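The values are calculated or read from the model by the stated rules, or taken from the named source; none is laboratory data. What you see is a predicted model; the values in this text were computed from it and never measured. Methodologically, a virtual Cβ is constructed for each residue, glycine included, from the backbone with ideal geometry; neighbour enumeration extends over all protein chains shown. Heavy atoms of the whole protein, side chains included, go into the accessibility calculation; ligands, DNA and RNA do not. Shrake-Rupley method; radii C 1.70, N 1.55, O 1.52, S 1.80 Å.
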Amino acid sequence: MFSARLKAIAQPVLTDIENHPFVRGIQAGAVPAAALMVYVEQDTCFLDAFAKVYAGALSKCTTKDQMRFFEEQIRYTLNDEAGAHQILCDIAGQKLSDHQHAEQRPITNLYNEHLFNALRTGDLIDLIAAMLPCPWTYTEISQQIVNGAAPDNPFLPWIEFYQPQPGQIDDSMVKTLFGMVDELAIGLSKERQHEIEQRFLQSCELEYEFWEQAYYQKDWKYKNQAKRVSIKVNR
């Protein structure tokens, strides 16, 4: 199955994500508040783009079942994901409303553009391959974390948020997406398969970099340069 190959080639990236200090910190129950807030702010920007890409996927669907699936994911992304952000804000002692209008940082911008590129230039399988690493890696790392988290870990509600729950929308979400990939990959040339693999791998790497950005609070190095120049000119 083509999905099995995608998982296999992405395993080194998944391992690095599982061992990232942000993820390890969640498992240990301690992550710097500043890192949590960068994560919340940038994930809000990312999910806004994610919902738009889901909406764009509707135009590439060929069956009503596919359309229903993506329509459900749009509603889930817009309405339910904020619950995970609220948990992190509560841990950090911050108000969610104070962190919902941040500007995109470099990796967020790159990741969003990667998704929009798949929407603009690819078929449905390209789009799914670019989007899948987000829910796939979260499902995988949450399973690892929940197995090793202490009962009093303050992040446990966040961890459980990403664990598949019977009867909920995310119960079969990842399986459904990988199933679509397998179906759509039938008959593809080796060249096209390689293109799909690269989209998938790039998104996996961007997932890793997203954790890096939040944990080390990376930002645009020269974002205030225009203001500095303006001040000098006015003088």
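The single condition among (1) free of Cβ contacts under 8 Å to residues at least 60 places away in the same chain; (2) open to solvent by 10 Å² or more (accessible area, probe 1.4 Å) that Cys89 does not satisfy is (2). Within the range 162-177, being open to solvent by 50 Å² or more (accessible area, probe 1.4 Å) and either at pLDDT below 60 or in contact with a Pro (Cβ under 7 Å, 6 or more places away or on another chain) (or both) holds for Gln165, Pro166, Gly167, Gln168, Ile169, Asp171. Got at least one residue in the range 27-45 being within 24 Å of Gly179 (Cα to Cα) and touching a residue at least 12 places away in the same chain (Cβ under 8 Å)? No; the residues of the range 27-45 include none that is within 24 Å of Gly179 (Cα to Cα) and touching a residue at least 12 places away in the same chain (Cβ under 8 Å). Give me the pairs, please: first residue somewhere in the range 190-213 and within 12 Å of Leu6 (Cα to Cα), second residue anywhere and not hydrophobic (A, V, I, L, M, F, W, C), beta-carbon distance under 6 Å, and either six or more positions apart or on two chains. Pairs found: Arg199/Asp126; Ser203/Pro133; Cys204/Pro133. Which of the residues that make up the range 197-235 are small (Gly, Ala, Ser), surrounded by fewer than 16 Cβ atoms within 10 Å (Cβ to Cβ) and at pLDDT 75 or above? Passing the criteria: none in range. Of all residues in the range 43-50, none satisfies being closer than 29 Å to Asn153 by Cβ, modelled with pLDDT under 95, touching a Phe, Trp or Tyr at 6+ places or on another chain (Cβ under 7 Å) and crowded, with 18+ Cβ neighbours inside 10 Å. Within this structure, Thr62 passes the test of being under 21 Å from Asn117 (Cα atoms), hydroxyl-bearing (Ser, Thr, Tyr), in contact (Cβ under 8 Å) with a residue 12 or more places away in the chain and loosely packed, with under 15 Cβ neighbours inside 10 Å. Would you confirm, using the coordinates I've provided, whether Phe70 is closer than 30 Å to Asn153 by Cα and open to solvent by less than 20 Å² (accessible area, probe 1.4 Å)? No; evaluated as a whole, the condition is false for this residue. Would you confirm whether any residue within the range 110-122 is hydroxyl-bearing (Ser, Thr, Tyr) and under 15 Å from the mean Cα position of the chain (by Cα)? Yes, because at least one residue in the range 110-122 is hydroxyl-bearing (Ser, Thr, Tyr) and under 15 Å from the mean Cα position of the chain (by Cα). Residue check: Gly83 meets all listed conditions (1) closer than 30 Å to Asp123 by Cβ; (2) exposed (fewer than 15 other Cβ atoms within 10 Å of the Cβ) but one, namely (1). Against the numbered list (1) modelled with pLDDT under 90; (2) open to solvent by 40 Å² or more (accessible area, probe 1.4 Å), Ser189 comes up short only at (1). Scan the range 126-143 for residues that are touching a residue at least 60 places away in the same chain (Cβ under 8 Å), open to solvent by 10 Å² or more (accessible area, probe 1.4 Å) and either in contact with a strand residue (DSSP E or B) (Cβ under 9 Å, 6 or more places away or on another chain) or not hydrophobic (A, V, I, L, M, F, W, C) (or both) and report the count. Of the residues in that region, 1 qualify.
Asp123 fulfils the conditions (1) open to solvent by less than 60 Å² (accessible area, probe 1.4 Å); (2) of a type in the set (D, E, K, R); (3) modelled with pLDDT of 95 or more except for a single criterion, (1). Entry remark, the range 12-24: residues being open to solvent by 70 Å² or more (accessible area, probe 1.4 Å) and closer than 11 Å to Leu201 by Cβ number 1 in total. When Asp152 is tested against (1) charged (D, E, K, R); (2) in a loop (DSSP other than H, G, I, E, B); (3) open to solvent by less than 70 Å² (accessible area, probe 1.4 Å); (4) modelled with pLDDT under 95, only condition (3) is not met.
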